[in-house]
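All remarks here apply to the structure that follows.
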Amino acid sequence: PVLIVLGGSEGGASTARAYAPRFASYGYAVVGLPYYSPGWGGEREFPGLPGSFVDIPVDRLDSVRTWLARRADVDTARIGIWGVSKGAEYALLGASRFRWVKAVAAIVPSDVVWEEWGADAKGEGTASSFGWRGRPLPF
């Protein structure tokens, strides 16, 4: 089985790096999915990723599943998502949109989609933290 790990507003891959060994020890194939890289006070870990929560594409999860489907060493019929904080918000959004998600663990999630925030934010009440297929999700 596969577990996709999503960190929170700290961004980057630190959460996935911290939890992947533990989940792997229980027999999961683990994919850490950095989706946001703010560079808090320094260089951004992943300069190609958004540095703010502005319409971050939830449908990127489908690209991960497509990549996994090309691998013979994982069971794509058993994919779960584990997310913490903003990653839990992302995990719940993904689980509610993709039938292939068989389990979700949302650690300190939100019960709503929040508006954008961060250095690239357009202004209060104008955009969403997350998007779906090129469109902002309601917040």
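The values are calculated or read from the model by the stated rules, or taken from the named source; none is laboratory data. Note that this is a predicted model, so its numbers are computed, not measured. Quick reminder, even Gly has a Cβ in these numbers, built from the backbone with ideal geometry, and neighbours come from all protein chains shown. Protein only, heavy atoms only, side chains kept; ligands, DNA and RNA dropped before computing areas. Shrake-Rupley method; radii C 1.70, N 1.55, O 1.52, S 1.80 Å.
In table form, for the structure just shown:
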quantity	calculated
Residue that is at pLDDT 95 or above, over 17 Å from V5 (Cβ atoms) and surrounded by fewer than 17 Cβ atoms within 10 Å (Cβ to Cβ), where the choices are D111, D59, D120	D59
Output for region 78-94, where each listed residue is closer than 25 Å to W117 by Cα and either surrounded by fewer than 19 Cβ atoms within 10 Å (Cβ to Cβ) or among the basic types (K, R) (or both)	S85, K86
Residue selected from region 123-133 under the condition at pLDDT 95 or above and open to solvent by 40 Å² or more (accessible area, probe 1.4 Å), by the criterion nearest to W40 (Cα to Cα)	W132
Any pair with Cβ under 8 angstrom, 6 or more apart, that starts in region 1-15 at a residue that is hydroxyl-bearing (S, T, Y) and ends at one that is at pLDDT below 95 and surrounded by fewer than 24 Cβ atoms within 10 Å (Cβ to Cβ)	S9/P38
The listed residue being small (G, A, S) and on the phi > 0 side of the Ramachandran plot, out of G41, G32, G48	G41
Hey, S52 surrounded by fewer than 16 Cβ atoms within 10 Å (Cβ to Cβ) and within 14 Å of the chain's Cα centre (by Cα) or not	no
Residue that is nearest to P57 (Cα to Cα) [pool: residues in region 95-108 that are over 13 Å from the mean Cα position of the chain (by Cα) and open to solvent by 60 Å² or more (accessible area, probe 1.4 Å)]	R97
Any pair with Cβ under 8 angstrom, 6 or more apart, that starts in region 102-128 at a residue that is within 11 Å of D55 (Cβ to Cβ) and without any contact (Cβ under 8 Å) to a residue 40 or more places away in the chain and ends at one that is exposed (fewer than 15 other Cβ atoms within 10 Å of the Cβ) and of a type in the set (D, E)	E115/E124
Sole residue being open to solvent by 40 Å² or more (accessible area, probe 1.4 Å) and either farther than 25 Å from E115 by Cα or without any contact (Cβ under 8 Å) to a residue 24 or more places away in the chain (or both), chosen from A18, A29	A18
Number of the exception - D75 against (1) touching a residue at least 60 places away in the same chain (Cβ under 8 Å); (2) surrounded by fewer than 19 Cβ atoms within 10 Å (Cβ to Cβ); (3) within 22 Å of G11 (Cβ to Cβ)	(3)
